[in-house]
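Trainee: Let me give you the structure first, and then I'll get to my questions.
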Amino acid sequence: MARVFLFLLAYALALLASSSTASAAIVEHSFYVKNLTVTRLCQERVITVVNGSLPGPSILVREGDTLVVHVFNESPYNLTIHWHGVFQLLSAWADGPVYVTQCPILPGHGYTYRFNITGQEGTLWWHAHVSWLRATVYGALIIQPRPPSSYPYFIKPLKEIPILLGEWWNANVIDVENEALATGGAPNISDAFTINGYPGDLYACSKNQTYNLNVVRGMTNMLRIINAALNNQLFFKIANHNMTVVSVDASYTQPYVTDVVVLAPGQTTDVLVTFNQPPGSYYMAARPYASTFPEVPFDNTTTRGIIQYVGSRSQAPLMPILPAFNDTPTAHKFFSSLTGLANGPHWVPTPLHVDEQMFVTVGLNLELCATCLGGTRLAASMNNQSFQLPNTLSMLEAFFFNVSGIYTDDFPNQPPVQFDYTNLNLSADPTLEFTQKSTKVKNLKFNSTVEIVFQNTAFLGIENHPIHLHGFNFHVLAQGFGNYDAVNDPKKFNLVNPQARNTIAVPVGGWAVIRFRANNPGVWIAHCHLDVHLPWGLAMGFEVENGPTPSSTLPPPPPDLPKC
């Protein structure tokens with residue numbers, strides 16, 4: 001009898017192991033990137049899209065799967081695809097930012113991205129990482145738990161719906177960017193925002209271009225909200241409905257009930273919504289959170305979609321009351337109230353010992369430009385270093401093959417001058433506001449723990465900067481306004497259950513402290529995810545050395561990696 005029991009036990013364990021192994025799959029997609037003619041806001045425009053749709057296809061994988069995406073560039077532009085928020089553990093070649101981890105995929109050429117997705121669940125996304133192409137080249141990347149694991153939610157959602165918030169120009173976005181870079185000024189603002197590619201019925205000629213979602217009364221759905229806009233943070237609300245935040249940037253959170261969600265460009269937020277209101281129609285809506293002071297022009301419009309209860313005949317949807325565009329207290333309350341789900345799936349405790357401490361100023365600057373109006377152009381910098389991409393070899397190839405002259409590893413730990421960083425009266429000091437281009441990275445030992453204070457500066461105004469770190473998640477220890485106080489502000493650090501993210505919205509005229517472990521060898525960038533600021537130079541690089549074992553060493557590049 002004992003032998004029978006042991007046999008059955010062994011058989012059951014083998015079945016469990018085989019089922020767990022079988023759940024890890026190779027998920028394969030083909031992306032055909034080409035131009036498409038569409039009509040929006042009464043105008044016919046030619047845009048660049050993936051597989052003929054805006055947004056592009058949603059990719060669904062399970063934790064542990066390997067994703068293989070064949071990209072065929074049939075557009076007239078150079079192209080790369082970035083898998084925003086994916087760790088790319090030992091697969092840095094697949095990260096995608098142009099001239100950082102690869103050279104561009106030229107028109108008429110292709111490249112296959114292949115990487116494993118490990119230790120992550122939730123909502124991420126993919127987008128072009130060349131110029132402003134991500135205005136229309138983007139889509140959702142949804143990572144579900146790998147069986148037998150499941151969501152750690154108190155309510156299991158009936159449906160999961162991606163909600164991608166985008167930005168629309170009645171112009172060729174490449175031309176918009178190039179004109180701004182040529183003149184040295186700010187680019188033209190967008191003409192509309194979109195929900196899943198549709199502007200909504202507040203815009204001209206858009207009554208029939210409004211996203212519609214049918215829901216069942218009493219049921220709970222998950223909305224996977226992604227801010228894919230180029231240059232605007234966004235408030236999001238649903239009329240008469242609360243939302244429970246359960247994940248941000250594919251990291252689980254303590255459930256947080258709110259009637260408004262705020263997302264910086266690049267951020268994702270998963271919310272559970274129980275549709276428990278009287279049967280009818282309700283608008284979901286998004287409008288900008290525009291924090292810049294002094295105020296500069298921005299697209300002060302509202303996109304909205306319709307949520308329709310099944311069986312209801314209501315034709316007059318209720319509209320939510322959205323926060324004012326400059327409602328910083330509401331934005332800060334949302335951003336600072338989120339906490340991580342300690343001991344939940346894939347939870348990583350906060351490292352307590354710090355090996356590298358950095359104080360990094362972020363903000364706008366000027367640089368000399370002989371061909372620009374007034375002899376200067378707008379620029380941006382971190383620690384007064386305005387980042388410039390190379391164009392003859394990717395930084396990752398230079399790292400792997402030890403090629404000099406592509407970048408230097410002397411990015412400073414501190415700004416060159418200490419001053420009253422958030423004092424608007426200093427914005428006219430030419431000795432502080434001018435910057436120069438460079439390609440510098442910070443060298444990090446493998447597995448070292450890095451703490452960074454991101455400090456906003458007041459040159460040319462103050463605003464909220466969304467900083468995205470490639471290759472890693474980080475813990476958000478604290479955030480606040482004014483100048484960071486190295487004596488008192490560390491007392492506010494949350495070292496128990498801080499939120500984990502890949503993109504942090506550094507408060508307007510304020511600071512944020514992050515901490516991460518540099519356990520992924522390669523070259524990575526941290527940059528402002530406002531696309532207007534990246535070409536101006538608001539970025540820095542990290543060079544993470546290889547670890548001591550073959551399993552912690554970056555492998556060679558794929559043989560078909562695009563060449564410069």
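The values are calculated or read from the model by the stated rules, or taken from the named source; none is laboratory data. Fair warning: this is a prediction, and the values are worked out from it, not measured in the lab. Glycine gets a Cβ as well: all are built from the backbone with ideal geometry, and neighbour counts include every protein chain shown. Remember, those area values only see protein heavy atoms, side chains included, never the ligands or the DNA or RNA. Shrake-Rupley method; radii C 1.70, N 1.55, O 1.52, S 1.80 Å.
Trainee: Quote the convex hull volume per residue of the chain, based on C-alpha atoms, as a whole number of Å³.
Mentor: Once divided by residue count, the hull of the chain is 169 Å³.
Trainee: Below 19 Å, Cα to Cα, which aspartates and glutamates can Lys445 reach? Residues fewer than 8 away in the same chain don't count.
Mentor: List returned: Asp355, Glu356, Glu397, Asp409, Asp410, Glu543, Glu545.
Trainee: May I pose another question? Given Lys156/Lys491; Lys442/Lys563; Lys437/Lys563; Lys34/Lys563; Lys34/Lys159; Lys333/Lys491, which pairs have Cα atoms separated by over 28 Å?
Mentor: Pairs exceeding 28 Å: Lys156/Lys491; Lys34/Lys159.
Trainee: Going by a 4.7 Å Cβ-Cβ cut-off, which cysteines of the chain have no partner at all?
Mentor: When partners are defined as cysteine Cβ atoms under 4.7 Å apart, the chain leaves Cys528 without one.
Trainee: Hey, can you rank 312-324, 447-459 by average C-beta count inside 10 Å, highest first?
Mentor: Listed from highest to lowest mean packing, they are 447-459, 312-324.
Trainee: While we're on this one: How big, in percent, is the set of alpha carbon pairs in the stretch 222-345 lying more than 23 Å apart?
Mentor: Of all Cα-Cα distances in the stretch 222-345, 34 percent exceed 23 Å.
Trainee: Show me the ranking of peptides 371-384, 37-50 by mean Cβ neighbours inside 10 Å, starting with the highest.
Mentor: 371-384, 37-50
Trainee: In the stretch 283-350, what percent of the accessible surface is made up of carbon and sulfur (1.4 Å probe, ligands and nucleic acids excluded)?
Mentor: Ligands and nucleic acids excluded, carbon and sulfur give 58 percent.
Trainee: In whole angstrom, how long is each semi-axis of the equivalent ellipsoid of the stretch 194-250, when you take the square root of 5 times every eigenvalue of its Cα gyration tensor and sort them from largest down? Numbers along the way, then the final one.
Mentor: On the way: eigenvalues 96, 65, 20 Å².
For the stretch 194-250, the ellipsoid semi-axes come out as 22, 18, 10 Å.
Trainee: For the stretch 447-492, what % of the accessible area comes from carbon and sulfur atoms, probe 1.4 Å? Don't skip to the answer; put the middle values down first.
Mentor: Numbers: 680 of 1290 Å².
Carbon and sulfur: 53 percent of the exposed surface of the stretch 447-492.
Trainee: To continue, here is another question. List the pair-distance distribution P(r) of the stretch 136-247, using every Cα-Cα distance, as the percent of pairs falling in each 5 Å bin from 0 up to the bin containing the longest distance, rounded to whole percents.
Mentor: Going out from 0 Å in 5 Å bins, the stretch 136-247 shows 2, 8, 16, 19, 17, 13, 10, 6, 5, 3, 1, 0 percent.
Trainee: Okay, next question. Sorted from largest down, give the three principal axis spans of the alpha carbons of the stretch 50-149, whole angstrom values.
Mentor: Each principal axis gives a Cα extent; for the stretch 50-149 these are 45, 29, 19 Å.
Trainee: Based on the inverse mean of 1/r over its pairs of different Cα atoms, what is the Kirkwood hydrodynamic radius of the stretch 331-399, in Å? Could the numbers behind the result be given before it?
Mentor: Working: mean 1/r = 0.0579 Å⁻¹.
Here the Kirkwood hydrodynamic radius works out to 17.3 Å.
Trainee: Additional query: Rounded to the nearest whole Å², what accessible area per residue is found for the stretch 493-564 with the 1.4 Å probe?
Mentor: Value returned for the stretch 493-564: 28 Å² of accessible area per residue.
Trainee: So, one more: Quick one: what does P(r) look like for the stretch 137-187 with 5 Å bins over all Cα pairs, in whole %?
Mentor: Taking all Cα pairs of the stretch 137-187, the binned fractions are 4, 12, 14, 16, 10, 9, 8, 6, 10, 8, 3, 0 percent.
Trainee: Express the accessible area of the stretch 160-266 per residue in Å², computed with a 1.4 Å probe while the remaining protein chains stay in the model.
Mentor: 31 Å²
Trainee: How many nm separate the modelled label positions at Gln43 and Leu318, each set 7 Å beyond the Cα in the direction of the Cβ?
Mentor: 3.7 nm
Trainee: Sorted by average packing, counted as other Cβ atoms within 10 angstrom per residue and highest first, what order do 162-173, 435-446 take?
Mentor: Result, highest mean first: 162-173, 435-446.
Trainee: Please report, largest first and rounded to whole Å, the three semi-axes of the ellipsoid equivalent to the stretch 363-408, where each semi-axis is the square root of five times an eigenvalue of the C-alpha gyration tensor.
Mentor: Here the semi-axes work out to 28, 13, 7 Å.
Trainee: Further question on the same structure: Bin by bin, in steps of 10 Å, what percent of the Cα pairs in the stretch 430-549 do you find, going until the bin that has the longest distance?
Mentor: Going out from 0 Å in 10 Å bins, the stretch 430-549 shows 13, 40, 36, 10, 1 percent.
Trainee: Calculated from DSSP H runs of 4 or more alone, at -39500 (n - 2.57) each and per residue, what is the 222 nm mean residue ellipticity of the chain, nearest 500?
Mentor: On the way: 5 runs with 54 residues, N = 564.
Calculated from helices alone, the mean residue ellipticity at 222 nm is -3000 deg cm²/dmol.
Trainee: Same structure, new question: Give or take rounding to whole Å, what are the principal axis extents of the alpha carbon atoms in the stretch 478-536, in descending order?
Mentor: Each principal axis gives a Cα extent; for the stretch 478-536 these are 34, 30, 18 Å.
Trainee: What does the charge count around Gly64 come to, taking other residues whose C-beta lies under 13 Å from its C-beta (Lys +1, Arg +1, Asp -1, Glu -1)? Can you show the working numbers first?
Mentor: Values: positive: Arg62, Arg146; negative: Glu63, Asp65, Glu121.
Value of the local net charge: -1.
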